[in-house]
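Here, each number is a calculation from the coordinates, and none is a lab measurement. From a predicted model like this one, the values you see are computed outputs, not experimental measurements. Note that each Cβ is placed from the backbone with ideal geometry, even for glycine, and that neighbours are counted across all protein chains shown.
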Amino acid sequence: MRILSCFTLLLFLSANADNNAVWRTSGETVTLRCSVAGCPNSNSNNEYEGMYLYLNQYHEEQKEVQYYHSSPGTSDNIAPRERYKDRIQTNGSLKDHTITISRLTVHDSGFYRCVFIHFPHGRVTCSEHTLFIKGVAPCPPAEVPPALTCKNHLPLVLIIGTACTVCTIATIIFILLIVPRVRRWVCSRRRARRLERVPNNEYVYEVMTARGLRPALEQSSSSTYTGIA
């Protein structure tokens, strides 16, 4: 992988005769110069509003290192990107300044371009630098999951509390309204079954007559009639 990186940087260097090659070791400092003197068709009357310093690497897209903005009547605005905030320093005017990058790592290796914003021609590449860094690539910091806080758990607690409240209310309604109705229905069914099991008088009379028996009332009546006779 390192051989491929060096080979790619050498291609950049060979393709640009005016490119400045710089070799450094991890932890050292490098100073790059950005000047409109290297711009095509450079003229002192040309107006430049700002300058971008870009980094090109073989395995990643072009990155913005710093933006330098200058306009008459206002102070210069120099805005390094997050990765370079604490280790980059700029000295000089917009048209001719130096950029110093400290605490270099192998991830800073690449092809740097000073692109000036030029009116009316748009963007113009004026200075180019190829930076080689010798050393071991540092391990990327491990991603630490965000700390679990009460604020993160608050929605979950509210959802659980609401669900428990709804379940409790539903249980109370079921006990107060549904259970008594079910009990009454069960009791009525039991009474109906008991009534079905008790035979009526007509049915008993028919059964006794079929068996040659007579109810006690008829027997007493016939005995009375016999005594009178």
Proximal charge balance of LYS63 [Cβ under 10 Å; K/R count +1, D/E count -1]: -1
Counted neighbours (other Cβ, 10 Å), sorted fewest up, put ARG189, ARG113, ARG83 in the order ARG189, ARG83, ARG113
What's the exposure ranking of ILE88, ILE133, ILE173, going from fewest to most Cβ atoms within 10 Å? ILE173, ILE88, ILE133
Distance between modelled label sites at CYS164 and GLU82, nm, 7 Å Cα→Cβ extension: 3.9
Burial ranking of peptide ranges 174-180, 76-82 (average Cβ count within 10 Å, highest at the top): 76-82, 174-180
What net charge is computed for the residues neighbouring GLU28, neighbours being all others with C-beta under 13 Å from the C-beta of GLU28, Lys and Arg scored +1, Asp and Glu -1? +3
